[in-house]
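Derivation of every value follows stated rules applied to the coordinates shown; laboratory data play no part. Model, not experiment: these values are computed from the prediction. Cβ sites come from the backbone with ideal geometry, for glycine too, and all protein chains shown count toward neighbours.
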Amino acid sequence: MYFCPSCANMLLIAQGESGHNQFVCQTCPYIHWLTFVLPLCIKPITSRTTYKRKQVDDVLGGSAAWENVDATEARCPKCDHNRAYFMQLQIRSADEPMSIFFKCCNCAEQWREG
């Protein structure tokens, strides 16, 4: 990463009017032309970094949270089955109603009401 010497904002790589790459500042008129050893380097400079996502815990407790829950009549939005497991959790402030979480008995689709 490079930063603008005038305003200290991050410089971006852009292609100039002549086709050469340049660093440009988004807030001030600063431009720094990129020069290469080869005169025919007119292709854009890009790089992509893919980060590995870290494992996160299920906020509802994972599969163990659904072991001893009751079932009720509720229509699944995915498979249209009419039976689902449910549990209630207080996820908002105490003066708000509890949220009801459902899990379809047929396809294991999960959804929330409230």
Practice task
Show the residue pairs that are 6+ apart or on different chains and have beta-carbon atoms under 9 Å apart, the first residue being within the stretch 77-104 and under 21 Å from Gly61 (Cβ atoms) and free of Cβ contacts under 8 Å to residues at least 40 places away in the same chain, the second being among the acidic types (Asp, Glu) and surrounded by 13 or more Cβ atoms within 10 Å (Cβ to Cβ).
Solution key: Ala84/Glu109; Phe102/Glu109; Lys103/Glu109
Exercise for the section: Scan the stretch 80-114 for residues that are outside any strand (DSSP E or B) and either within 19 Å of Ala64 (Cα to Cα) or touching a helix residue (DSSP H, G or I) at 6+ places or on another chain (Cβ under 6 Å) (or both) and jot them down. Expected result: Gln90, Ile91, Cys105, Asn106, Cys107, Ala108, Glu109
